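So the structure is just underneath, and the comments pick up after that.
The values are calculated or read from the model by the stated rules, or taken from the named source; none is laboratory data. These numbers were taken from a predicted model, which means no experiment stands behind them. Backbone-built Cβ (ideal geometry, glycine too); neighbour counts: all protein chains shown.
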Ligand code: GRF
């Protein structure tokens, strides 16, 4: 199977980017990261990419008069790279409908909650405030409603009484670093695939997100 081409969009620390880089380096993932694109000039993730000689691009959203113009500039950078998958890894800009339509079924995101719970920001605080016993993360394809595309893999984290946002976020992030490269691998190997917009896993319709549990992927 030929190498998949990936483009990763980030805004911050890039720890998920690092997990993807590591998965490529240790050959878990047969892919090339063609570029890392970031909207924040001093984001730590840019250094992670540069350390691996991955091309980086900074596009500062504040330099654009509208979301559409920003999105168009992103597309101009991404399209020549012909990515099999465009990966949002802590990219903190909402993308417009034309952008999302353009990368239909090849745009993926990771979100730190058990979707459909807690879309948007401050997910860890909400889990604590609501006395949830379980929290976690979800990898989903992107559609044009925020954090609402089809979820492919989730992982659960127990919330303990002494948890703060930081301790909980750290445990969730550790799990993200496992499930995101895994979902990307499944996409790149065509084990996750769309047939007329219907998501399949190993040629079977995926009706519920898979769960990463006890170090393996289980169906629910
Ligand atoms: C992660 O929690 C991810 O779920 C969310 O943004 C955060 C990015 O962290 N979308 P990092 O930049 O990958 O360290």
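Looking at region 161-220, what strands (runs of 3 or more DSSP E) fall wholly within it and have at least 3 residues that are closer than 30 Å to residue 131 by Cβ?
Once the strands (runs of 3 or more DSSP E) in region 161-220 are filtered for at least 3 residues that are closer than 30 Å to residue 131 by Cβ, what remains is 210-213, 216-218.
Give me the residue from region 183-200 that is under 21 Å from residue 213 (Cβ atoms) and free of Cβ contacts under 8 Å to residues at least 40 places away in the same chain and, out of that set, farthest from the chain's Cα centre (by Cα).
This residue is 191.
Please go through region 158-174 and give me each residue that is touching a strand residue (DSSP E or B) at 6+ places or on another chain (Cβ under 7 Å) and within 19 Å of residue 109 (Cα to Cα), ordered by number.
171, 172 - these are the residues of region 158-174 that are touching a strand residue (DSSP E or B) at 6+ places or on another chain (Cβ under 7 Å) and within 19 Å of residue 109 (Cα to Cα).
Every residue in region 41-54 that is in contact with a helix residue (DSSP H, G or I) (Cβ under 8 Å, 6 or more places away or on another chain) and either within 13 Å of residue 10 (Cα to Cα) or not assigned by TED's automatic domain parsing to the domain that holds residue 94 (or both), please.
Scanning region 41-54 gives 45, 48, 49.
Tell me, yes or no, whether region 72-79 has at least one residue that is within 15 Å of the ligand (Cβ to nearest atom) and either under 19 Å from residue 109 (Cα atoms) or buried (at least 16 other Cβ atoms within 10 Å of the Cβ) (or both).
no
Would you mind telling me which numbered condition in (1) free of Cβ contacts under 8 Å to residues at least 40 places away in the same chain; (2) within 16 Å of the ligand (Cβ to nearest atom); (3) out of contact with any helix residue (DSSP H, G or I) (no Cβ under 6 Å at 6 or more places or on another chain) residue 22 fails?
The number of the failed condition is (1).
Please work out which one of (1) within 12 Å of the ligand (Cβ to nearest atom); (2) assigned to a helix (DSSP H, G or I); (3) under 20 Å from residue 139 (Cα atoms) is the condition residue 92 fails and give its number.
Against the list (1) within 12 Å of the ligand (Cβ to nearest atom); (2) assigned to a helix (DSSP H, G or I); (3) under 20 Å from residue 139 (Cα atoms), residue 92 comes up short only on (2).
Only one of these conditions is not met by residue 125: (1) in contact with a strand residue (DSSP E or B) (Cβ under 9 Å, 6 or more places away or on another chain); (2) in a helix (DSSP H, G or I); (3) outside the structural domain of residue 20 (by TED's automatic domain parsing). Which number is it?
Single failed check for residue 125: (1).
One line per residue, one yes/no per condition, for (1) under 17 Å from the mean Cα position of the chain (by Cα); (2) farther than 16 Å from residue 180 by Cα; (3) within 16 Å of the ligand (Cβ to nearest atom):
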{"position": "30", "(1), (2), (3)": "no, no, no"}
{"position": "37", "(1), (2), (3)": "yes, yes, yes"}
{"position": "62", "(1), (2), (3)": "no, yes, no"}
{"position": "83", "(1), (2), (3)": "yes, yes, no"}
{"position": "98", "(1), (2), (3)": "no, yes, no"}
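Pull out all pairs, ordered by first then second residue, where Cβ-Cβ is under 6 Å, the residues are six or more apart or on different chains, the first lies in region 26-49 and is over 12 Å from residue 89 (Cβ atoms), and the second is within 11 Å of the ligand (Cβ to nearest atom) and not in a loop (DSSP other than H, G, I, E, B).
From region 26-49, the pairs are 46/38.
Do we find that residue 177 is in contact with a strand residue (DSSP E or B) (Cβ under 7 Å, 6 or more places away or on another chain) and either at pLDDT 95 or above or over 29 Å from residue 31 (Cβ atoms) (or both) in this structure?
For residue 177, the condition - in contact with a strand residue (DSSP E or B) (Cβ under 7 Å, 6 or more places away or on another chain) and either at pLDDT 95 or above or over 29 Å from residue 31 (Cβ atoms) (or both) - is not met.
Would you confirm whether any residue within region 184-200 is within 16 Å of the ligand (Cβ to nearest atom), under 21 Å from residue 10 (Cβ atoms) and outside the structural domain of residue 17 (by TED's automatic domain parsing)?
yes
Just to be sure, is residue 116 in the same structural domain as residue 11 (by TED's automatic domain parsing), surrounded by fewer than 17 Cβ atoms within 10 Å (Cβ to Cβ) and either without any contact (Cβ under 8 Å) to a residue 60 or more places away in the chain or touching a strand residue (DSSP E or B) at 6+ places or on another chain (Cβ under 8 Å) (or both)?
Judged against the criteria, residue 116 is not a match.
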